[in-house]
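See structure below.
Here, each number is a calculation from the coordinates, and none is a lab measurement. Nothing here was measured: the structure is a model prediction, and the numbers come from that model. Neighbour counts run over all protein chains shown; Cβ positions are idealised from the backbone, glycine included.
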Amino acid sequence: MICVEQLTKRYGEHVAVDGVSFRCEPGTVTGFLGPNGAGKSTTMRMICGLTPPTSGGATIQGVPYRQLANPGRHVGVLLDASAQHAGRSGRETLALCARVLDVDRARVGELLALVGLSGPAARRRVGGYSFGMRQRLGVAQALLGDPAVLILDEPTSGLDPEGVFQMRTLLRDFADRGGTVLLSSHQLREIEAVADRIVMIAKGRVVADGTKGELLTAPAGTLVAAVDPAALHAALTAAGLSHHPTDPAGTFLVDASADAVGRAAANAGVVLRELRPAEHEGLEEMFLSRLGSTPQEVSS
Ligand SMILES: Nc1ncnc2c1ncn2[C@@H]1O[C@H](COP(=O)(O)OP(=O)(O)OP(=O)(O)O)[C@@H](O)[C@H]1O
């Protein structure tokens with residue numbers, strides 16, 4: 001469990017994070033979204049005790065990060081994949097980390113395999129790794145202490161499509177086994193695919209916080225279009241089905257099931273060219289609508 005209470009960070013006059021509160025529960029993946037400069041990394045750094053908050057606080061498993069004994073056994077953190085010693089191999093990096101965390105060295109090989117870095121890649125120096133390989137190593141490092149909580153800042157950036165899929169599976173499995181995941185990303189499709197909850201911030205403030213079901217509202221009803229929109233309108237009216245046009249081409253959103261709409265059209269002899277359940281608002285639409293219609297300036 002991660003609890004964030006009224007976290008605030010000021011840099012001089014600039015408020016980078018402004019009274020941010022949210023919770024991440026065991027068994028869930030929380031997607032942490034926001035435009036560039038919104039304050040995601042600063043929030044995560046404060047949760048992990050790397051940046052002192054101006055006010056407010058955060059706990060992991062009920063305790064501030066800095067008070068956790070051997071924190072890597074409780075929380076796995078990936079904030080900056082490039083912050084690894086360039087002269088060590090991937091295997092050496094994890095082996096050293098295993099000693100520090102006092103975990104079984106056998107886990108090193110297991111985790112290298114899990115993130116797709118076994119074999120020759122494990123023996124190469126990290127300085128020669130691509131950014132995606134460093135991300136993979138960083139995730140392996142975060143998992144090494146078998147923590148109950150993961151805090152990952154953009155772990156899928158730089159990953160190839162297979163890596164993105166593996167990461168999604170890995171995080172889903174981790175949460176399904178009772179783990180708590182806080183994950184920031186700009187890849188909205190990834191967040192939509194893996195997250196149970198969404199916390200979105202803009203200009204340092206929370207602008208959305210809820211389950212995917214709560215935030216990505218599904219308009220009830222059916223979308224229907226006919227070769228003759230006027231005839232369809234008449235058929236829906238005759239059947240007593242409430243409806244309104246959604247585009248100039250004559251597609252209607254009907255407040256009824258597809259069965260009922262199809263029957264009304266068939267009874268009136270109306271030829272349909274489209275009949276489907278209305279789709280929910282996607283994460284991209286939610287993201288843009290929460291930012292407002294005007295283009296955002298990057299916070300400076
Ligand atoms: N050490 C610092 N000194 C001064 N300002 C800072 C510092 N760290 C961050 N900021 C400012 O705080 C704001 C939030 O930055 P942060 O890196 O947390 O945003 P972010 O949401 O992670 O952005 P991105 O998606 O681009 O990574 C920005 O305006 C940034 O310039």
Asserting the computed 222 nm helical MRE of the chain (DSSP H runs at least 4 long, -39500 (n - 2.57) per run, divided by residue count, to nearest 500) equals -9500 deg cm²/dmol
Point-charge dipole on Cβ atoms (K/R +1, D/E -1) for segment 5-119, about Cα centre, debye to 20: 200
Run the numbers on segment 222-277 and let me know its relative contact order in percent, using alpha-carbon pairs under 8 Å that are six or more apart. 52
Using the 10 angstrom Cβ neighbour count as an exposure proxy, how do 209, 259 rank, fewest first? 259, 209
Just need the relative contact order of the chain here, percent rounded to a whole number, with Cα pairs under 8 Å and 6+ apart. 21
For the pair residue 100 and residue 23, how long in nm is the line joining their label points, each one 7 Å along Cα→Cβ? 3.2
Dipole of the chain, Cα-centred, from +1 at each Lys and Arg C-beta and -1 at each Asp and Glu C-beta, to the nearest 20 debye? 1320
Global form of segment 94-218, assessed from the alpha-carbon gyration tensor, a/c cut-off 1.5: prolate
Vicinal HN-Hα couplings computed from phi for segment 271-278 (Karplus, 6.51 cos²θ - 1.76 cosθ + 1.60; Hz; Gly/Pro x): 8, 8, 10, 7, 7, 7, x, 5
Residues 154, 284 arranged by fewest to most Cβ contacts within 10 Å: 284, 154
Place a point 7 Å from the Cα of residue 238 along the Cα-to-Cβ direction; which residues of segment 249-286 have their backbone N under 15 Å from it? 261-272
Two-site FRET efficiency, residue 110 against residue 11, from Cβ-Cβ distance with R₀ of 45 Å, rounded to 0.05: 0.65
If you look at just the Cα atoms of the chain, how large are its Rg and its Dmax in Å? 24.3, 76
